[in-house]
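Everything below concerns the one structure shown next.
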Amino acid sequence: MIEHGQDGRARTACQRAWVLSLALLAVCLPARAARYYLDATSGDDARSGLSPAQAWRTLEKVKATVFQPGDEMLLKRGERWQGTLAPQGSGTPENPIRLGAYGEGARPFLDGGAGPAVLIHDQDAWIIESLEVTNRKDSKQDALRVWAGPRRPHYHFIRIRDCVAHDAGASGIHVGEGTYGNYDDVVIENCVAFHNQDSGIFIQGNDFAEVRQLAIRHSTAYDNGWDGIKIYSGHDGVVEYCTAYRNGWKEDGRVGIWCWNSENIVIQFCESYENVTPGVHDGGGFDIDWSCIHCLIQYCYSHDNDGAGYLFMGSGRGFTTRSLVRFNISQNDGRKNDYGGILCFGTLQDSEVYNNVFYFRGTEAGAAIHFRGDKEDGYPSNVRVFNNIVIAAEGRSVLRVAPEAAGQNNSFEFDDYFSPTGLRMIFGDKTYQDIAEFRKATGLESRGLAADPRLEAAGAAGTGRLPMAAYRLLPDSPCRNAGSPYKSGFGTQDYWGMALGEAKTLNIGPQQ
């Protein structure tokens, strides 16, 4: 029946308005996030993928899917896949896309073969967790790779958690690239990376477009050919509660845990040991490398490394400035080449080394505290060294400052030097065996000591950052209340977590 008149026209108008409202509502309401499942044994790509019983089977099906914010792609535990998992789509920080696991048993295993096992490229907001990844050792590819081309603002929000990356042809976990690397807000935590040809865990920004707001936490890197854990061109970040050991066997110039060309990076509560070098450079525990500003290493334990326990350096025009190494322990570092407990090298400027302990019995050429450089890289200047316990065994030097660094306004004060076989301090082209003679000739260490620091068991600490009883002060230690006055910028706690009290004289060493 056809309706006529005003009543019919009004009814028709109302119906149209109602349809339009429903359409607008459909547009405005967010689509419900989906959860997809992948099962390499019982799955079928012809299914919906929306439940374990309807799971997909292949990585190709995942690659063909554009995921939406809030979606999840879950791989069945105990299953294995060959090839690259390269899902499409981007999330948002409020609704990231999650790539993870379901079921019980071992982590889902992905072997990338000639390529990465997992690849995220030019995509925002992904959480990647609970996967085991690898590829061929001759692939020259990272096992888990996240990278992006240039964009302003940067791509952002990457979370990598509880992943194991091993035996890869390049790095185990690598976020960023040398040319691009434009990611911000990156967190890697509770991961393990081992037996990779290059680095274990690597966050890398472009030289002029740093990765900002980054963290690597509670992770372990060992037996990697290059470095354990490193940050290139990072800004505002932290590496904490991490362990790196036996890295560097493939290539010279590598370190356990370090940062380069970075600003406001803190490395803390970490242990790095038995890292090596096949050549004459590095192989050390920790490093603030050249072109770093406002970087800090604190509450860390370095031991038994080929290179320096703590490398603190600039290089030519790549100045490192306003950075700190404090409240750390070094034991038996500098096993090879010209290293020691700490090496201050090159154009390191306006920085401080304080309240550490350096126990050294390494190479003849090294020293517990060592300042050097060369014509190309320059020499340290305006570096303040104070409140450190400095021990050299087996006739090694407690202090060695190259002639070119001796006239660069570097200062030494409130330190305690001790050698059971006789003191040896080299400053410029002179060697001193008495601190009074050194003090008179150089004007340094006017309040320094040359005494047994009376530690619980210096040189006898094992593996593990805590409890570290070997480097606690005995009650009769001459280092108690013998350091500089406390200042608020010195930090908030000692190596063992004891709060630093204001308006007091500090102990020499990392215990307060």
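The values are calculated or read from the model by the stated rules, or taken from the named source; none is laboratory data. Only a predicted model underlies this, so the values are computations on that prediction, with no experimental measurement involved. Positions of Cβ are generated from backbone atoms using ideal geometry, with glycine treated the same way; all protein chains shown enter the neighbour counts.
Some values worked out for this structure:
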read-out	value
Residues (surrounded by fewer than 24 Cβ atoms within 10 Å (Cβ to Cβ) and hydroxyl-bearing (Ser, Thr, Tyr)) located in the range 144-186	179, 180
Residue in the range 334-352 that is modelled with pLDDT of 95 or more and within 19 Å of the chain's Cα centre (by Cα) present	yes
Single unsatisfied condition, residue 435 versus (1) under 19 Å from residue 386 (Cα atoms); (2) within 34 Å of the chain's Cα centre (by Cα); (3) among the β-branched types (Val, Ile, Thr); (4) at pLDDT 95 or above	(2)
Hits in the range 309-363 (condition: in contact with a Gly (Cβ under 8 Å, 6 or more places away or on another chain), among the aromatic types (Phe, Trp, Tyr) and within 24 Å of residue 269 (Cβ to Cβ))	310, 327, 339, 358, 359, 360
Filter result for residue 339 (hydroxyl-bearing (Ser, Thr, Tyr), crowded, with 24+ Cβ neighbours inside 10 Å and in contact (Cβ under 8 Å) with a residue 40 or more places away in the chain)	yes
Matching residues, the range 238-258, being crowded, with 24+ Cβ neighbours inside 10 Å and under 14 Å from residue 298 (Cα atoms)	239, 242, 257, 258
Verdict on residue 399 being at pLDDT 95 or above and in contact with a helix residue (DSSP H, G or I) (Cβ under 8 Å, 6 or more places away or on another chain)	no
Residue that is farthest from residue 131 (Cα to Cα) [pool: residues in the range 87-109 that are free of Cβ contacts under 8 Å to residues at least 40 places away in the same chain and part of a strand (DSSP E or B)]	88
Test: residue 425 is farther than 14 Å from residue 388 by Cα, touching a strand residue (DSSP E or B) at 6+ places or on another chain (Cβ under 9 Å) and of a type outside the set (Phe, Trp, Tyr)	yes
Residue in the range 469-477 that is closer than 16 Å to residue 326 by Cβ and in contact with a strand residue (DSSP E or B) (Cβ under 8 Å, 6 or more places away or on another chain) present	yes
Residue 66 vs. criteria among the β-branched types (Val, Ile, Thr) and buried (at least 16 other Cβ atoms within 10 Å of the Cβ)	no
Residues located in the range 176-199, provided they are at pLDDT 95 or above, assigned to a strand (DSSP E or B) and among the charged types (D, E, K, R)	185, 189
Hey, residue 491 surrounded by 15 or more Cβ atoms within 10 Å (Cβ to Cβ), at pLDDT below 95 and farther than 19 Å from residue 398 by Cβ or not	yes
Conditions (1) surrounded by 12 or more Cβ atoms within 10 Å (Cβ to Cβ); (2) under 34 Å from the mean Cα position of the chain (by Cα); (3) more than 28 Å from residue 274 (Cβ to Cβ); number of the one not met by residue 485	(1)
Scope the range 402-432; condition of a type in the set (Ser, Thr, Tyr) and modelled with pLDDT under 95; matching residues	421
Members of the range 288-311 found to be over 17 Å from residue 366 (Cα atoms) and assigned to a strand (DSSP E or B), listed by number	288, 293, 296, 297, 298, 301
Positions within the range 447-481 being of a type outside the set (Gly, Ala, Ser), without any contact (Cβ under 8 Å) to a residue 60 or more places away in the chain and outside any loop (DSSP other than H, G, I, E, B), in sequence order	449, 473
Pairs with Cβ under 9 Å, 6+ apart, first in the range 266-288 and under 17 Å from residue 194 (Cα atoms), second aliphatic (A, V, I, L, M) and assigned to a loop (DSSP other than H, G, I, E, B)	283/276; 283/308; 285/308
Test: residue in the range 62-74 that is at pLDDT below 95 and at positive phi	no
Residue 204 being buried (at least 19 other Cβ atoms within 10 Å of the Cβ), within 16 Å of residue 143 (Cβ to Cβ) and in contact (Cβ under 8 Å) with a residue 60 or more places away in the chain	no
Those residues of the range 345-365 which are free of Cβ contacts under 8 Å to residues at least 40 places away in the same chain, farther than 19 Å from residue 260 by Cβ and not aromatic (Phe, Trp, Tyr), in sequence order	352, 362, 363, 364, 365
Total residues in the range 491-505, condition under 19 Å from residue 300 (Cβ atoms) and part of a loop (DSSP other than H, G, I, E, B)	8
Residue among 99, 119, 110, 131 that is closer than 25 Å to residue 32 by Cα and at pLDDT 95 or above	99
Filter result (outside any loop (DSSP other than H, G, I, E, B) and of a type in the set (Val, Ile, Thr)) within the range 41-86	62, 66
Subset of the range 443-475 [within 22 Å of residue 371 (Cα to Cα) and surrounded by fewer than 17 Cβ atoms within 10 Å (Cβ to Cβ)]	443, 446, 447
